[in-house]
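Undergrad: Sharing a structure with you now.
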Amino acid sequence: MLPDDVLMEIFKLYVDRTIFTLRNTWHVLVNVCRRWRHLVYASPRRLDLRLTYCGHRPISEVLVAWPVLPVILVSSAYHLLDYLPAPELDPWWDNRIAALESEHYARIREIQILDVTDSRWERFAAAMQKPFPELTHLHVVLAHGDVVPALPDSFLGGSAPRLRALWLRNIPFPSIPKLLLSANGLVILSLDGIPDSGYISPDVMATALTAMTRLETLDLRFRSPRSRPDPASRPLPPPTPFVLPALVELKFEGVHEYLEDLLAPINAPLLHYLYIVFFMDLNSDLPQLHRLVDHAKEFKTYDHAELLISDLSIQLSLYPKTGLVDHHWLKLITIKCRVLEGQFSSLARVCSPSFPPISTLEELEIREDASSHWKGDTENAQWLELLDPFTALKNLYLTHGVAQRVCGALQELSGERATEVLPVLRNLFVRRSSLPPVQEAVVSFVAARQLSDHPIVVDRWKD
């Protein structure tokens, strides 16, 4: 009884909500009745119909049964398991690669290959040495620990003008900047687990990014600390600055020298998610990272921080205190230093007064990882160095493992020095079990702040 236009709205809503399942859920619609089948087939673009193919049969047999539609080639749910059979025992894998080699490759819009191993690499890489004219999304994962030859310049025929999203994990592709120069419509670029054989210099990568005005997510993660730029090439000549006007998410894992060189010419005013992992302790400041954050408007609203201490890392997360219920994870900065020694001094460099959000933070939580074996044998001077830049901090929250150590450091601040660190601190919250010993440890500090007309209240942290 419903008119065609109402049915089409219902169909569109259904397809939009199920498209991310990577299954041919729209097949249900065309099997209901002749009228529904006619409406669906008459509007393939409006409904954004795709034919998901996972290799269960040869692609020629699948395509003959359906209208001409874009093909989405994906790993099946079976292949997402840890068990990966050898190619000669895996007809589904063989069918997927055969589809890439066949005359139907030009219809492939998206490729998701999540089960590549070193034994499968040669045939897969060979099948990708040509342009894919309709390709918009490419997601390839090499099994962790496998070592394969680097992808050559001829990957995707050296050009991917329609590419919108590119995810590569554990795959060496040192010449990827040449491909990226042709893919200036990219929205997502993720290179995760970059092996040493896939190293890309920061200046070359920055050059490849210059034309990416639509890029929203940039994710670069190296596998080892050997991703350090050549000292002979540093300092580099002043790069030509450029703007990534759509960039909102930046993830990086590597050495700080690489990040600084990469960020030197970049400005990203809409950035609101930053995730940084440093492999080694910092021996220098981070002016480019600080500048990038300073120019991003969203970070100016941050007033809350969490400091998580574990065996081999210190993690600092910053976010706005308000709006935590609604996707607060999109507004998170995480910085880790994976070293056994020097974590505090490294983090102190990150949290220097020149790092814009630090000087405006009003709340700080310091926690120890419950699963770690952190002994807390940190000198008082290191705690004071770490806390020194938090000049706007009003509320400090401490868990049991760190409460006595932090308060022991604050205990050293007496007389005029009592207001030098955390000058506007008003409340110190600790776990219930830590409250009595903490009150004893910090009594002189509290008394000194009282005398200087900057009183502090010590109370139980109700979490």
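Undergrad: Of all residues in region 442-463 being in a helix (DSSP H, G or I), surrounded by fewer than 20 Cβ atoms within 10 Å (Cβ to Cβ) and small (Gly, Ala, Ser), which is modelled with the lowest pLDDT?
TA: Ranking the candidates gives 444 first.
Undergrad: Among the residues that make up region 297-305, is at least one of them crowded, with 21+ Cβ neighbours inside 10 Å, at pLDDT below 90 and either among the aliphatic types (A, V, I, L, M) or at positive phi (or both)?
TA: Within region 297-305, one or more residues are crowded, with 21+ Cβ neighbours inside 10 Å, at pLDDT below 90 and either among the aliphatic types (A, V, I, L, M) or at positive phi (or both).
Undergrad: Exactly one of (1) hydrophobic (A, V, I, L, M, F, W, C); (2) loosely packed, with under 15 Cβ neighbours inside 10 Å; (3) under 21 Å from residue 250 (Cβ atoms); (4) at pLDDT 80 or above is unmet by residue 358. Its number?
TA: Of (1) hydrophobic (A, V, I, L, M, F, W, C); (2) loosely packed, with under 15 Cβ neighbours inside 10 Å; (3) under 21 Å from residue 250 (Cβ atoms); (4) at pLDDT 80 or above, only one is false for residue 358: (2).
Undergrad: How about region 1-58: which of its residues are polar (S, T, N, Q) and assigned to a loop (DSSP other than H, G, I, E, B)?
TA: Within region 1-58, 24, 25, 31, 43 meet the criteria.
Undergrad: Of all residues being charged (D, E, K, R) and over 12 Å from residue 73 (Cβ atoms) in region 88-100, which is modelled with the highest pLDDT? Just the residue, please.
TA: Per the criteria, the residue is 94.
Undergrad: Right, another one. Yes or no: region 246-260 includes at least one residue that is over 23 Å from residue 135 (Cα atoms), of a type outside the set (Phe, Trp, Tyr), surrounded by fewer than 16 Cβ atoms within 10 Å (Cβ to Cβ) and within 18 Å of the chain's Cα centre (by Cα). Before the answer, list the steps.
TA: The initial filter retains those residues of region 246-260 that are over 23 Å from residue 135 (Cα atoms), namely 248-260.
Next, only the ones that are of a type outside the set (Phe, Trp, Tyr) stay: 248-251, 253-257, 259-260.
Then drop every residue that is not surrounded by fewer than 16 Cβ atoms within 10 Å (Cβ to Cβ), which leaves none.
Among the residues of region 246-260, not one is over 23 Å from residue 135 (Cα atoms), of a type outside the set (Phe, Trp, Tyr), surrounded by fewer than 16 Cβ atoms within 10 Å (Cβ to Cβ) and within 18 Å of the chain's Cα centre (by Cα), which makes the answer no.
Undergrad: Return yes or no: is residue 183 assigned to a loop (DSSP other than H, G, I, E, B), crowded, with 19+ Cβ neighbours inside 10 Å, without any contact (Cβ under 8 Å) to a residue 60 or more places away in the chain and of a type in the set (Gly, Ala, Ser)?
TA: Criteria met by residue 183.
Undergrad: Check off (1) in contact with a Lys or Arg (Cβ under 9 Å, 6 or more places away or on another chain); (2) surrounded by fewer than 16 Cβ atoms within 10 Å (Cβ to Cβ) for residue 241 and give me the number that stays unchecked.
TA: Failed condition: (1).
Undergrad: Within region 386-407, restricting attention to residues that are among the small types (Gly, Ala, Ser) and under 18 Å from residue 441 (Cβ atoms), which residue is surrounded by the most Cβ atoms within 10 Å (Cβ to Cβ)?
TA: 403
Undergrad: In this structure, is residue 275 crowded, with 16+ Cβ neighbours inside 10 Å, within 20 Å of residue 290 (Cα to Cα) and out of contact with any helix residue (DSSP H, G or I) (no Cβ under 7 Å at 6 or more places or on another chain)?
TA: yes
Undergrad: Report, by residue number, each residue of region 155-197 that is under 22 Å from residue 108 (Cα atoms), at pLDDT below 95 and among the polar types (S, T, N, Q).
TA: If the condition is that a residue be under 22 Å from residue 108 (Cα atoms), at pLDDT below 95 and among the polar types (S, T, N, Q), then 159, 182, 184 are the ones that fit.
Undergrad: Based on what the data block shows, is residue 172 within 13 Å of residue 125 (Cα to Cα), in contact with a Gly (Cβ under 7 Å, 6 or more places away or on another chain) and either free of Cβ contacts under 8 Å to residues at least 60 places away in the same chain or part of a loop (DSSP other than H, G, I, E, B) (or both)?
TA: Judged against the criteria, residue 172 is a match.
Undergrad: Among the residues in region 320-328, are any modelled with pLDDT under 65 and surrounded by 13 or more Cβ atoms within 10 Å (Cβ to Cβ)?
TA: Within region 320-328 (the criterion being modelled with pLDDT under 65 and surrounded by 13 or more Cβ atoms within 10 Å (Cβ to Cβ)), the answer is yes, since at least one residue qualifies.
Undergrad: Give the residue, chosen from 47, 80, 22, 84, that is modelled with pLDDT under 90 and at positive phi. Even if it seems obvious, please write down each step before you answer.
TA: Working: 47 fails: at positive phi; 80 fails: at positive phi; 84 fails: at positive phi.
Result: 22 is the single residue among 47, 80, 22, 84 that is modelled with pLDDT under 90 and at positive phi.
Undergrad: I'm checking my understanding of the structure. Among residues of region 100-125 that are basic (Lys, Arg) and not in a strand (DSSP E or B), which one is surrounded by the most Cβ atoms within 10 Å (Cβ to Cβ)?
TA: 120
Undergrad: Restricting to region 188-215, name every residue that is in a strand (DSSP E or B) and more than 16 Å from residue 173 (Cα to Cα).
TA: Matches in region 188-215: 188 only.
Undergrad: While we're here: Return the pair list, or none, for Cβ contacts closer than 8 Å from residues in region 439-456 that are without any contact (Cβ under 8 Å) to a residue 40 or more places away in the chain and within 11 Å of residue 419 (Cα to Cα) to residues that are of a type in the set (A, V, I, L, M) and exposed (fewer than 13 other Cβ atoms within 10 Å of the Cβ), at least 6 apart or on different chains.
TA: Listed by first residue and then by second, the contacts come to 454/424.
Undergrad: Continuing with this model, one more query. Just one of the numbered conditions (1) under 24 Å from residue 243 (Cα atoms); (2) among the aliphatic types (A, V, I, L, M); (3) out of contact with any helix residue (DSSP H, G or I) (no Cβ under 6 Å at 6 or more places or on another chain) is not true of residue 156; which one?
TA: With (1) under 24 Å from residue 243 (Cα atoms); (2) among the aliphatic types (A, V, I, L, M); (3) out of contact with any helix residue (DSSP H, G or I) (no Cβ under 6 Å at 6 or more places or on another chain) applied to residue 156, the lone miss is (1).
The values are calculated or read from the model by the stated rules, or taken from the named source; none is laboratory data. These numbers come from a predicted model, not from an experiment. Neighbour counts run over all protein chains shown; Cβ positions are idealised from the backbone, glycine included.
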